[in-house]
């Protein structure tokens, strides 16, 4: 049995499994003779359930057992008479079968040999003896045992019908051997040596290509003629399948090189698809033609599409170009070509939606209503390119959703932060591996409409590298005169983007390419006032946070004073993101108390806010003490909104050296030098002793030295600080200023006025000095923003000093001393 064991080890698998196609060893003549003799077998036997095979009397097969129940059974039987019952499982996937999961007709088998493998599994060689039927299940643990009734074979001898069946079975078996080259030639020798018809049926039943349930049917049949007839039927079906396979192989026969081999396999698939009625390349192309016929695309695109489909039919499906061409055609047909959603021209409804979703932002809302009004009257308007510009957290991106809802259009958003590959905008050329359309076309395909609201988020954060400049690629996308003929590198045909309402968002305009900026209509979205933040918190932030944390409205309510405290003492921003986070923290503490069934205050007061958020982060009184000379409050613009800054000046005996500190940029340093030069030239007029400049060192410092600062806005602030320290006149209380200066003493206008005014109001400033030309910026600001603030518009530096400096000197002025001059 050495040869048998070698093949056995190649077919071992985990679990109780006997693989089809394993070597089936014929019994010897002595064993066959012993089978025919009447033997006394026990009526109570252990039962081994096996998967994917059926054991027949007279054959020998290997079985690997891995389940604990089976291992115990085999070891017990090996020590006894080595006789076990073998039954097939109904469901081979069941790892723990019960009596209902196994067939109740099986074969008694004798364990010929047992081999323990290194992985712990045990392989047994078993020989089928006699069929039985389970009459009474006895035990399941530690293994199956049952009472059985042995089944007798009803096989008439020396019958012409039996002889005819035997010859038919052998002929069918030989034909299968001839058609299937995978069966070893030794099988024919084995067939020639079998002259026992019952055993012939058992041997062939074990080896036919049939499922387990079919083999089980053969095992359960007592009448030998009926079993042989059914077996012959199964074999004839197998012959038909093998002949069909042979016929297909003859149709596509080729045997020269690897390319022809691949072609052969493809042709086989094609014939099989034809036989089964499945779709091939022609059917795919025909379906694309039907879809293309329904498209509302231009005539030039239609001709191009048909040309691409004809090209697909000429390409061999096995060629690498085939899937590329097919994907390209599918992309063309899936794009929306002149498929529009109907705009809603109810302007009152649109205004209500915008007002409901966003508090404030009147300028932006007015622009959207203007767009709707013109579209309603003209019914043909190229989509304007709007750019919402302002600090983070003021609602620029979410405004796009509100606009889409108001118009009744689809909404799509594309984040441009960190995009540095031009192909992400214009797409790749089809010749590249992994080519695909750009993000613009991909999103149009996803949204399935030609006139969505398209938000280009963070357009100021586009970058460029060796792969191209995406901001230059946007020049065509965002030009109302050009984007009706936008060409993506992948599509190669013109696509109309003129009906798309593009809305870009940016935190800063400085990093946007000038040509790109020129193509957009800039709408400034400034920060919110305290009053606006309170309303936003009431209408939007608090309900949103309550919903996200599972807190009902009657379980927690905010006092207005509590909201004001959060805004003033725990957040300092133009937007409302930090405010939302702080509100979320308060509500999470409420949710914790509710979940733990603790007592808590349902009314959120300033006292409760301090308990949950800890000590105040920011002071309300952030303007500097004016009891000494040389301290001035200035106004600055940052990407997160307006801020106030302080300029401090001090004098010490020296040789007239100027020291600047506070991590100042080049522009601020130049402003300080310009201010000092102006004071030196106007010393007599300002009442400054000229000797101070030669015998005292001047140090100008801007606090928060870790924060880089630059820009021209601090020009008049630095000059006022220097004039204050030189004249020993202190600056008026609660006054701030911003403006650029020239060497001639002119005050120049600066930007970011609204943000600076909001920062001044947050700091409690009452008076603000601005350039005369900045008056136009004040006129565009709503009155509620500037309520309680006095504006002083100036044109010259002398006016600034007249307004900002008190007449009297400080109570404890510096006693300037100078060395006597030599005669």
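The values are calculated or read from the model by the stated rules, or taken from the named source; none is laboratory data. All values reported here derive from a predicted model rather than from experimental measurement. Positions of Cβ are backbone-derived with ideal geometry, glycine not excepted, and every protein chain shown enters the neighbour counts.
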I want to confirm something. Restricting to the stretch 599-621 and keeping residues that are under 14 Å from residue 570 (Cβ atoms) and modelled with pLDDT under 85, which single residue is surrounded by the fewest Cβ atoms within 10 Å (Cβ to Cβ)? 615
Which of the residues belonging to the stretch 451-491 are part of a loop (DSSP other than H, G, I, E, B) and more than 27 Å from residue 339 (Cβ to Cβ)? 458, 462, 463, 464, 466, 467, 469
The conditions are (1) surrounded by fewer than 22 Cβ atoms within 10 Å (Cβ to Cβ); (2) more than 27 Å from the chain's Cα centre (by Cα); (3) in a loop (DSSP other than H, G, I, E, B), and residue 522 fails exactly one of them. Which is it? (3)
Positions within the stretch 563-594 being modelled with pLDDT of 85 or more and over 33 Å from the mean Cα position of the chain (by Cα), in sequence order: 563, 564, 565, 566, 567, 570, 593, 594
Going by the structure shown, is residue 538 at pLDDT 85 or above and loosely packed, with under 14 Cβ neighbours inside 10 Å? no
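Test of understanding: among 401, 396, 499, 448, which residue is buried (at least 22 other Cβ atoms within 10 Å of the Cβ) and closer than 27 Å to residue 346 by Cα?
None of the other options fit; the residue is 396.
Residue-by-condition table, conditions (1) surrounded by 13 or more Cβ atoms within 10 Å (Cβ to Cβ); (2) at pLDDT 85 or above; (3) in contact with a strand residue (DSSP E or B) (Cβ under 9 Å, 6 or more places away or on another chain); (4) farther than 30 Å from residue 536 by Cβ:
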{"residue": "274", "(1), (2), (3), (4)": "no, no, no, yes"}
{"residue": "342", "(1), (2), (3), (4)": "no, yes, no, yes"}
{"residue": "353", "(1), (2), (3), (4)": "yes, yes, no, no"}
{"residue": "371", "(1), (2), (3), (4)": "yes, no, yes, no"}
Filter the helices (runs of 4 or more DSSP H) completely within the stretch 359-450 down to those with at least 1 residues that are touching a helix residue (DSSP H, G or I) at 6+ places or on another chain (Cβ under 8 Å) and under 30 Å from residue 331 (Cα atoms). 396-407, 423-426, 439-447
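For every residue, the table says whether it meets (1) modelled with pLDDT of 85 or more; (2) farther than 29 Å from residue 470 by Cα.
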{"residue": "349", "(1), (2)": "yes, yes"}
{"residue": "367", "(1), (2)": "no, no"}
{"residue": "436", "(1), (2)": "yes, no"}
{"residue": "452", "(1), (2)": "yes, no"}
